Each structure stands twice: as structure tokens, then as C-alpha cells.
């Protein structure tokens, strides 16, 4: 297989793994796909983040949503409240990101992941 084909298959396999994690745990794009695109496929931070947003477009999320809804694991009221916040926040974030250097962006991103991960670890074992 040529290098391009190997890389594409690697990206597809990575996306499948992230899709499984998304369906199981509600994580995927920001927590897994962005770092993996950077670490495994040498994407810059901005490119990885922008590219991962494509995966948010239906039908990707809708399939997992339907599975969760069938199981009764969806708060529709909360979910509908999330939409305008994510919409407006996405616009603002997309404008602000242009002002941040790629290395600084990666550092901020890693810091957020680390802080949230540590919080989850402590919360999971505290209960």
C-alpha cells in the first residue's frame, strides 16, 4: 500500500476507535480525535481541531443519540438548551482561535484535558 493509503487507513481506524468511544462514553472529537490527529498524523493543533468538527455533522452523532434515546438516557430539555450555547460558543471560539499561536493552542488544549481528566479521576474514586 502506498503511504497515502496507509495513512488514510490509519485515520479511518482511528476514527472508528473514536466513534466507539463516542458511542460508549460520549467522548470522541475533542478528547480523542484531536490529540490523535496531532500525535499520530502530525496535524497542527488548529487543523486537528477544525478537521474533527466535521465528525459532529450528522449522521455521526445522530446514530449514537438514537441508541441512547432508545435506552432512555437522553435529557431532551437539557440537550435542547445546549444547542444555542454550543452554536454561539462555536462562533465565538472560531473567531478567537485565529488569535492564538499553534503551540500555545496545544498547551491550552492539553491543560484543559489534563485538568478535566484529573477531576474525573478524583470524582470517580471519591464516590
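The values are calculated or read from the model by the stated rules, or taken from the named source; none is laboratory data. Remember, it's a predicted structure, so these values are computed and weren't measured experimentally. Ideal geometry is used to build each Cβ from the backbone, glycine not excepted, and the neighbour counts take in all protein chains shown.
Here are the numbers:
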read-out	value
Residue that is surrounded by the fewest Cβ atoms within 10 Å (Cβ to Cβ), among those in segment 91-101 that are within 10 Å of residue 46 (Cα to Cα) and modelled with pLDDT of 90 or more	101
Checking residue 1 against (1) surrounded by 11 or more Cβ atoms within 10 Å (Cβ to Cβ); (2) outside any helix (DSSP H, G or I); (3) at pLDDT below 90, the condition it does not meet	(1)
In segment 69-86, residue farthest from residue 52 (Cα to Cα) [restricted to those that are under 20 Å from the mean Cα position of the chain (by Cα) and exposed (fewer than 10 other Cβ atoms within 10 Å of the Cβ)]	78
Residue count for segment 24-43, restricted to those that are modelled with pLDDT of 85 or more, surrounded by 15 or more Cβ atoms within 10 Å (Cβ to Cβ) and not in a helix (DSSP H, G or I)	1
Every residue from segment 11-60 that is in contact with a helix residue (DSSP H, G or I) (Cβ under 8 Å, 6 or more places away or on another chain) and more than 23 Å from residue 109 (Cα to Cα)	60
